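The values are calculated or read from the model by the stated rules, or taken from the named source; none is laboratory data. If you're wondering where the values come from, they're calculated on a predicted model, not measured in any experiment. Heads up, the Cβs are rebuilt from the backbone with ideal geometry, glycines too, and the neighbour counts pull from every protein chain shown.
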Amino acid sequence: MTSLASVTLEVADLTAAEQFYAAAFALGARIGLRPAQAPTTGFRGFALSITVAQPADVDGFTRSALDAGATSLRPAEKSLWGYGSVVQAPDGTIWKLATSAKKDTGPVSREIGALVLLLGVEDVKASKRFYAEQGLTVAKSFGGKYVEFAADASSPVQLALYKRRGLAKIAGLPEAGSGSHRIVLGGTGRSFTDPDGFGWEAPVAAGAPTPDRG
């Protein structure tokens, strides 16, 4: 089974990004960072979602992100599906912090239940077919609105597809955007670029130089 093996954010200031993510989310090796100066404007077409156990944990991660320099796009609030907030990191990456629980059941925790990469695509059904052809296995599918792919035990991030317009709405941003996505996906198969311009890199062989996309 082909799966998402890594996610690397391309950032203008590597040191600042490392400091932010260590203070805000303490993700460790789950997300990679590398310097890049590729031009980008507006909505980059993706968001990363951190799922936690309870509302107090959402509030805790939201506070630490804002204290570290993030911008609030959507304040934490209750909804039909649970409780969540949306923030934007100083490097421009959008982070959704959410829980399906509506009440706290224990002390505040920094434990991350799941980390999901949401790709905003123009045609969810077409992108679903494309990724299935690359060898990814569909775990959940809701027509042309949302698709979730299966992840193996070693994958630090799960992949899901969302309608681009809908993802921008969740983020509280205009849909328009151009230039680099500023994200590179590492797969367990060959290199390719999907219909919406998201690039996947094949595993780097031992001793081989790391690609520079800056």
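Pairs are defined by a Cβ separation below 6 Å, a sequence spacing of at least 6 or placement on different chains, a first member in the stretch 23-41 that is touching a residue at least 40 places away in the same chain (Cβ under 8 Å), and a second member that is exposed (fewer than 15 other Cβ atoms within 10 Å of the Cβ) and assigned to a strand (DSSP E or B); the pairs so defined are Pro39/Gly179; Thr40/Gly179; Thr41/Ser178; Thr41/Gly179. Of all the criteria given as (1) at pLDDT 95 or above; (2) in a helix (DSSP H, G or I), the one not satisfied by Ile170 is (1).
Checking each residue in the stretch 126-148 for being among the acidic types (Asp, Glu) and surrounded by fewer than 17 Cβ atoms within 10 Å (Cβ to Cβ) picks out only Glu133.
When Ala29, Ala12, Ala70 are checked against the criterion of being of a type in the set (A, V, I, L, M, F, W, C) and either touching a Ser or Thr at 6+ places or on another chain (Cβ under 7 Å) or over 30 Å from Ala202 (Cβ atoms) (or both), a single residue qualifies: Ala70. If the condition is being surrounded by 14 or more Cβ atoms within 10 Å (Cβ to Cβ) and modelled with pLDDT of 85 or more, then the stretch 190-214 contributes Phe192, Asp194, Asp196, Phe198, Gly199, Trp200, Glu201, Ala202. Scanning the stretch 122-132 turns up one or more residues that are in contact with a helix residue (DSSP H, G or I) (Cβ under 8 Å, 6 or more places away or on another chain), outside any strand (DSSP E or B) and at pLDDT 95 or above. Looking across Thr51, Thr62, Thr15, one residue alone is of a type in the set (Val, Ile, Thr), over 23 Å from Ser178 (Cα atoms) and surrounded by fewer than 17 Cβ atoms within 10 Å (Cβ to Cβ). It is Thr15. Checking Val138 against (1) without any contact (Cβ under 8 Å) to a residue 40 or more places away in the chain; (2) of a type in the set (Val, Ile, Thr); (3) under 17 Å from Leu9 (Cβ atoms): exactly one of these is not met. Which one? Just one mismatch for Val138, condition (3). For Gly177, the criteria (1) in contact with a strand residue (DSSP E or B) (Cβ under 6 Å, 6 or more places away or on another chain); (2) without any contact (Cβ under 8 Å) to a residue 60 or more places away in the chain hold in every case but one, which is (2). Please go through the stretch 6-20 and give me each residue that is over 13 Å from the mean Cα position of the chain (by Cα) and touching a residue at least 60 places away in the same chain (Cβ under 8 Å), ordered by number. Across the stretch 6-20, the qualifying residues are Val11, Ala12, Asp13, Ala16, Ala17, Phe20.
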